[in-house]
Each structure stands twice: as structure tokens, then as C-alpha cells.
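The values are calculated or read from the model by the stated rules, or taken from the named source; none is laboratory data. On a predicted model such as this, the values are computed, not experimentally measured, just so you know. Here the Cβ is made from the backbone with ideal geometry for all residues, glycine too, and neighbour counts use every protein chain on show.
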Amino acid sequence: MIGADGANSAVRNAMGVQYVSWKYNHMGVVATLQLAEESENTTAWQRFLPTGPVALLPLDSKRSSLVWSTSPEHAKELLNLPDEGFVDALNDALWKQYPRNKGVDACTAWVGSVLKRVGLPDGAQRQLPPSVCAISPGSRAAFPLAFGHSTKYIAPGVVLIGDAAHRVHPLAGQGVNLGFGDIKDLTELLGDAMYTGLDITHPEWMKMYETARQRHNVPTQLCVDALYRLYAYDLTPLVLVRSVGLQITNALDPIKKLIMSHATT
Ligand SMILES: Cc1cc2nc3c(=O)[nH]c(=O)nc-3n(C[C@H](O)[C@H](O)[C@H](O)COP(=O)(O)OP(=O)(O)OC[C@H]3O[C@@H](n4cnc5c(N)ncnc54)[C@H](O)[C@@H]3O)c2cc1C
């Protein structure tokens, strides 16, 4: 049996495995957005607000999907707004200018000049978000956000995949990727088991699946959780670390490629 029944997995509960979880004090407000202008629309776009990140994920040339992480009270307000009021609130969230930390700006300017001096981009390029003109009727909803880790992905004859085994905050867009990775590794291992004529539920195969996936999933989950915490506070040292960290990551292609390659396996 493959337990693919999501974060509140009944299969996982029946396995009786330990599940480590904590709630983020965040709801994810989702909607399908109509963009004001038609474009190639191939870039996912995310802005970190004091209340949490707001992300637009491309669907096609005129539509994007929204994931707006915010406090439960704010999420409730957003769900109760009429469609036009919701679009105004979203455009405000995407475009509003917040007071900037002058010390951090000075540091990033200095880091940018050092990067330029060594022949690298200054890592400070800004991309403007698309404007939203409407939302698809009935597409608005909100979901609680949480971290979850099943300490075991296997039991005799049973494996867990996807959110049944692990759950992350959507700020890095990694939930589905982790599940796709589980499926890829599991099908490969089951294929090998079939090919060699062994019992596909043999503990050795299943253990190989669990070990491979936990080695990938747990560090990814912890990184996503750390990112959430790094952006949850406005203390100057944290703002400095994340601003300079992103700037350097943006300037160094090998680091970006390494992160992308980890995210897609
Ligand atoms: C607000 C929000 C935004 C997100 N944004 C992103 C994003 O941008 N990028 C990304 O990669 N991930 C994102 N995620 C995470 C992503 O949605 C999940 O990682 C993914 O859906 C997990 O897929 P899954 O198939 O494992 O579980 P699910 O999608 O939860 O599917 C489980 C299925 O099992 C069914 N089921 C459950 N119990 C039973 C039962 N007893 N009998 C029959 N059927 C049952 C459910 O109805 C459901 O259809 C987001 C999550 C949230 C909450």
C-alpha cells in the first residue's frame, strides 16, 4: 500500500509512526489571478512582507496562482473582502513601499561594489511584479500551514509518499517537488525489485527508499523552516544576514545552480 493521502494521512496514523510537527501561525490564502497585461509569464515571483511572503506562480500568459502567507486574522479579513477589495489589497501588498533599513542598504551597496570589483554582477537586480486585475470567481481559499516529518516512511508492505510523509511551508515552493522525488525514487526501486524477481515489499528495498528520501527531504525541510524563521523577524542583524545572503546567492551562478539542482531531485 502506498500512503499518498496528504498531511493528515490516515495511512500514516494507522502505521502508528512518530510524526514530528509544528504549526506556523500562518494561513496560506490561495486564488487564481487574472493579470493586467499579457506576457510570457514564466517567472515565479515572491515578496517577503512583514506579515509573511506573497507569491505569484505562473499558470499561463494571463493567469497566475496566488499563495499569500499571512496571519490567521488577516487571512480571514482577506477571505471576507469582495473580489475588487481583495485585488486592491493584493496589488497594495505587491507594490507598497516599506521604510528601508539605512544601515542594511549601506552594507548591501558595499557588498555590491565588492562583487562588481571582482567582475561579478552586484546581485541587486530588481524585478517588478505583474499587476493583478481580477481573480477567478470562487478560487479564493485559505489553508493552515505547518511543518511535518514522519520519522518512518515505511512499515511492512506500506510506504508513505508526499505530504503524508513530510510537510513544508510553501514559501520555497518545495512541497510538490519533494513528493515528485519520492515517486521517482520509489518507482525506480520497485522497478529494480521487479527486475531482479524479488518481493517488492522486501524490507531491504523499502529501507533503501526511506533512507534515500529522508536524506534528501529532511535537510530540505529544515532549510525551508530556517528560511521561514529568517524572514519572520525584523531584527537588523537578521535583515542584514538575509539581504547580503540573497545578494551573494544572486550574484554567484554556481550557488544558484546547486540550489536548483537540489530542489529538482
Ligand atoms: C496554501 C498552500 C500553498 C502551497 N503552494 C505550493 C507551491 O507553490 N508549490 C509546491 O510545490 N507546493 C505547494 N504546496 C504544497 C503542496 O500543495 C503539497 O506538497 C502537495 O499538494 C502534496 O501532494 P500530496 O499528493 O502528497 O497530498 P495532497 O495534495 O494533500 O493529496 C492527498 C489526497 O488524498 C486524498 N485523501 C486523503 N485522505 C483520504 C482518504 N481517507 N480516502 C481517499 N482519499 C483521501 C485527499 O482528498 C487528497 O486529494 C502548498 C500547500 C498549501 C497548503
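Descriptive notes on the structure:
- Residue satisfying all of: in the range 226-250; of a type outside the set (A, V, I, L, M, F, W, C) and under 16 Å from the mean Cα position of the chain (by Cα); surrounded by the fewest Cβ atoms within 10 Å (Cβ to Cβ) among these: R229
- Residue count for the range 251-265, restricted to those that are surrounded by fewer than 15 Cβ atoms within 10 Å (Cβ to Cβ) and over 26 Å from I183 (Cα atoms): 3
- Sole exception among (1) more than 11 Å from the ligand (Cβ to nearest atom); (2) modelled with pLDDT of 95 or more for A75, by number: (1)
- Subset of the range 25-37 that is at pLDDT below 95 and in a strand (DSSP E or B) - its residue that is surrounded by the most Cβ atoms within 10 Å (Cβ to Cβ): H26
- L49 meets all of the listed conditions (1) surrounded by 14 or more Cβ atoms within 10 Å (Cβ to Cβ); (2) touching a residue at least 24 places away in the same chain (Cβ under 8 Å); (3) within 15 Å of the ligand (Cβ to nearest atom) but one, namely (3).
- L171 being within 7 Å of the ligand (Cβ to nearest atom), touching a strand residue (DSSP E or B) at 6+ places or on another chain (Cβ under 7 Å), in contact (Cβ under 8 Å) with a residue 60 or more places away in the chain and closer than 30 Å to G85 by Cβ: no
- Residue count for the range 37-60, restricted to those that are farther than 22 Å from V224 by Cα and within 22 Å of the chain's Cα centre (by Cα): 4
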